[in-house]
1. Identify, please: which residue in the stretch 43-64 is within 22 Å of Thr196 (Cβ to Cβ) and of a type in the set (A, V, I, L, M, F, W, C) and is, among those, nearest to ligand 2 (Cβ to nearest atom)?
2. When only residues in the stretch 46-60 that are within 14 Å of ligand 1 (Cβ to nearest atom) and outside any helix (DSSP H, G or I) count, which is least open to solvent (accessible area, probe 1.4 Å)?
3. Give the residues of the stretch 67-93 that are touching a residue at least 60 places away in the same chain (Cβ under 8 Å), among the polar types (S, T, N, Q) and either in a strand (DSSP E or B) or away from ligand 1 (no atom under 16 Å from the Cβ) (or both), sorted by residue number.
4. Would you confirm whether any residue within the stretch 140-154 is in contact with a Ser or Thr (Cβ under 9 Å, 6 or more places away or on another chain) and assigned to a loop (DSSP other than H, G, I, E, B)?
5. Looking at the stretch 195-240, which of its residues are in a loop (DSSP other than H, G, I, E, B), surrounded by 15 or more Cβ atoms within 10 Å (Cβ to Cβ) and touching a Pro at 6+ places or on another chain (Cβ under 9 Å)?
6. Of everything in the stretch 149-174 that's within 16 Å of ligand 1 (Cβ to nearest atom) and more than 24 Å from Glu68 (Cβ to Cβ), which residue is surrounded by the most Cβ atoms within 10 Å (Cβ to Cβ)?
7. Filter the stretch 8-27 down to the residues that are without any contact (Cβ under 8 Å) to a residue 12 or more places away in the chain and not acidic (Asp, Glu), then identify the one that is nearest to ligand 2 (Cβ to nearest atom).
8. Which of (1) near ligand 1 (Cβ under 10 Å from one of its atoms); (2) under 20 Å from Ser221 (Cα atoms); (3) part of a helix (DSSP H, G or I) is the odd one out, the single condition Ser43 does not satisfy?
Amino acid sequence: MKQAEFLKIKNLTVTLQEKAILKGVNLIIRKGETHALLGPNGSGKSTLAQVIMGLPPYRIKNGSLIFEGHNLTKLSPETRAKLGIQLIFQNPPPLNGISLSTLLPYFQNLHKDNFVSFQPFIFEKEIQPLLDRDLNKGFSGGEKKIAELYQIVQLQPRFLIIDEIDSGLDLEKLNKVIVFLKKQFLAPDKSLLIITHREEILRYLQPTTTHIMKDGQLVFSSPNWKKIWQQIQKYGYKAY
Ligand code: ADP
Ligand code: MG
């Protein structure tokens, strides 16, 4: 039997300064599923991730986003986080005067009713020198990703969107991250939406469904990520 729908996106059209960036996206993600999102640069992948999280500056022109029966378009990013949605940014912005240490009480408050600790953090040594610095300010690409992951461990999402976690991480760290994601998120009550250009991520996580986004639309979806990968290697995104 099919699992319950977690996220249901219907005919989503999103604009930015009157220009359509997403043009009628339909997507259903069920509990326990891993979805991969591929597509050329500028096709709208990060926009979709940020719109699910409710982040500015995008405007929803049409369509709906329903998460476990909640109409997300009416909810703030913080409420969405309380429902269990989180995003690991492709390029997390630097914050003045805010460090991971100052954010800890906020994380704990968000889950004060149901706080359960995750497994020990996989980058315990690497995170220590970053805890009291302004978040992401002068962080290297890899340090930004480690800081993002640290926040995820605190925030305990059930629905995690990951936007190109590979950028900035060396291969050894990337492998650690993939193992962590598999352990933590390939579970019947959680789901992953992962935006990536890396074969090893697809191979290790074995997505339930892989989608191709082009020019603001999901132009192809299939359970066979290997076939999609081969097509892209051979013909580029022209194949779709
Ligand atoms: P992807 O993640 O697939 O590379 P994005 O979602 O980042 O694509 O971008 C989709 C399109 O929207 C691009 O043409 C990009 O230039 C534009 N865009 C996204 N965010 C902004 C922004 N904040 N300001 C101006 N243009 C933007
Ligand atoms: Mg992007």
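1. Ala49
2. Among those that are within 14 Å of ligand 1 (Cβ to nearest atom) and outside any helix (DSSP H, G or I), it is Leu55.
3. Within the stretch 67-93, Gln86 is the sole residue that qualifies.
4. no
5. Those that are in a loop (DSSP other than H, G, I, E, B), surrounded by 15 or more Cβ atoms within 10 Å (Cβ to Cβ) and touching a Pro at 6+ places or on another chain (Cβ under 9 Å): Pro207, Thr208.
6. The residue in question is Ile165.
7. Here the residue is Lys19.
8. (3)
The values are calculated or read from the model by the stated rules, or taken from the named source; none is laboratory data. The structure presented is a predicted model; accordingly, all values stated were derived computationally and were not measured. Neighbour counts are summed over all protein chains in view; Cβ atoms, including those assigned to glycine, are modelled from backbone coordinates with ideal geometry. Heads up: the accessible areas ignore ligands, DNA and RNA and are worked out on the full protein's heavy atoms, side chains in. Shrake-Rupley method; radii C 1.70, N 1.55, O 1.52, S 1.80 Å.
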